[in-house]
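Everything below concerns the one structure shown next.
The values are calculated or read from the model by the stated rules, or taken from the named source; none is laboratory data. Just so it is clear, the structure is predicted and the values come from calculations on it, not from any experiment. Cβ placement follows ideal geometry from the backbone for every residue including glycine, while neighbour counts extend to all protein chains displayed. Note: areas computed on protein heavy atoms with side chains; ligands, DNA, RNA excluded. Shrake-Rupley method; radii C 1.70, N 1.55, O 1.52, S 1.80 Å.
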Amino acid sequence: MVEMATALQPAVPQTFEAAAATLAQCSVAGTAVRIRGAGTKLGWGRPADPPDVELRSTALTEIVEHNAGDLTAIMEAGVPLARAQQTFARAGQMLALDPPTGADGAATIGGIVATGDSGPLRHRYGAPRDLVVGMTFALGDGTIARTGSKVIKNVAGYDLAKLFAGSFGTLGMILSVSVRLHPLPATTATALGSTANPDVLSAAALVLTAAPFEFEALDVGWHAGRGELLARCGGTEAARRCKRAARLLREQELEQIDVVADDEPLWERQRARQRSTHGALIRLAARPSQLASVLRAVADCDGTLVGRAALGCSFVELEVDAVGRLRRALPPRSVSIVLDAPAEARRELDPWGSPDAGALELMRRIKARFDPTGVCNPGLFVGGI
């Protein structure tokens, strides 16, 4: 029998079986469980009632396998992404996820997958759901289930890993993930240009999106009334390809064109602006062709923006009292989710916005199927799921 954690005390299981047993006991008792990793995104989602048990993955820290020849790895959920990247880098490889990892690189792979968090590399390599090929998780009734495998070309059955990615721990506790890796670029370089005209910036972003380059990242930024477009190339020909990209930027009438070889500070700045410590941070999805309209809405609300120019995925920081105004000014069919914000503000502003009724009903049915007693992160997700 696993000893239950007392109120406000964490349960830190050392094994998958102990984690599952804790969930099973909570399910029988009707005890609310907050599932979390290192807590770097603990304020995301709807404010929920204080849990009875906090179930942490921080003791599940083993890199179970690193198959360098197959470009795959299996990691327990509590492995810090920063540590995993160091391990993969020694083999000239990387996990192509680069969200902000918090103080001391604490963010864990389980928490990153559960929240669907990503960074500039999403342009080329996709989101966490695109890089996870298998998963082990514990359901609310204590069942340990596995989906996918460590083989990249595996399409049998339902891809439940994609369902758990971005579910914010409301379906169960991620215990381990199998991921695909990619070669680490030998060198990188970035072409960038700026403008104060949202239309010029948007047009340039669309031109580079359609250009025959394999950019590692294609990002946009907007700050203090001025926008910037950043195109990163990787590999031995990175500098030469960036010079060609710079010529395209010049043809689109961008200003202050430059090619930066020592470009990591540029991208660290982009990642850092995906968090807010004082205002509200919104994760925004809109069509790439609507970028100019998005930038004008952000500027009218005195906000700043960074994002993936070719994907329409952006992060907007602004004052809390401007969130409603921004949402009303955004183009039709845009989706906005409040991530960072004070708890009192998140209670007044539904972080998830107004979901489609049909989609919400489907999510509720999925929640009921995987967590019928509702013990896993109750109230955190869309519609109070």
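Points to keep in mind about this one:
- Once C-alpha pairs closer than 8 Å and six or more residues apart are averaged by separation and normalised to the residue number of the chain, the relative contact order reads 18 percent.
- Taking all pairs of distinct alpha-carbon atoms in region 253-323, Kirkwood radius in angstrom: 13.3
- A P(r) calculated from all alpha carbon pairs of region 199-311, with 5 Å bins opening at zero, reads 2, 11, 23, 24, 20, 12, 6, 2, 0 percent.
- Over all other residues within a Cβ to Cβ distance under 15 Å of residue 187, the charged ones net out to -2, with Lys and Arg as +1 and Asp and Glu as -1.
- Rotationally averaged projected area of region 149-249 (alpha carbon convex hull; nm²): 9.9
- Computed from the alpha carbon positions, the gyration tensor of region 298-385 leads to an equivalent ellipsoid with semi-axes of 28, 16, 12 Å, biggest first.
- Listed residues 47, 120, 372, most fluctuating in the chain (Gaussian network, C-alpha, under 10 Å): 372
- Whole-percent carbon and sulfur share, accessible surface of the chain, 1.4 Å: 52
- For region 134-253, accessible area per residue (1.4 Å probe, heavy atoms of protein chains only), Å²: 42
- Region 92-139 - Kirkwood radius from inverse mean 1/r over Cα pairs (Å): 11.6
- Computed helical MRE - 222 nm, the chain, DSSP H runs ≥ 4 contributing -39500 (n - 2.57), nearest 500: -8500 deg cm²/dmol
- The value of relative contact order for region 22-99, using C-alpha pairs under 8 Å at least six residues apart, is 22 percent.
- C-alpha long axis of helix 291-300 to longest principal axis of the chain, angle in °: 80
- Rg over Rh, two decimals, region 1-106 (C-alpha only, Kirkwood Rh): 1.04
- Across 18, 96, 310, mean-square fluctuation computed from a Gaussian network of the chain (C-alpha pairs under 10 Å connected) peaks at 18.
- Across region 109-116, coupling constants 3J(HN,Hα) worked out from phi with the 6.51/-1.76/1.60 Karplus curve, θ = phi - 60°, read 5, x, x, 5, 5, 4, 9, x Hz, and Gly and Pro carry x.
- Relative contact order of region 268-346, pairs being alpha-carbon contacts under 8 Å that are 6 or more residues apart, as %: 44
- Most fluctuating residue given options 315, 88, 213, as computed from a GNM of the chain linking Cα atoms under 10 Å: 213
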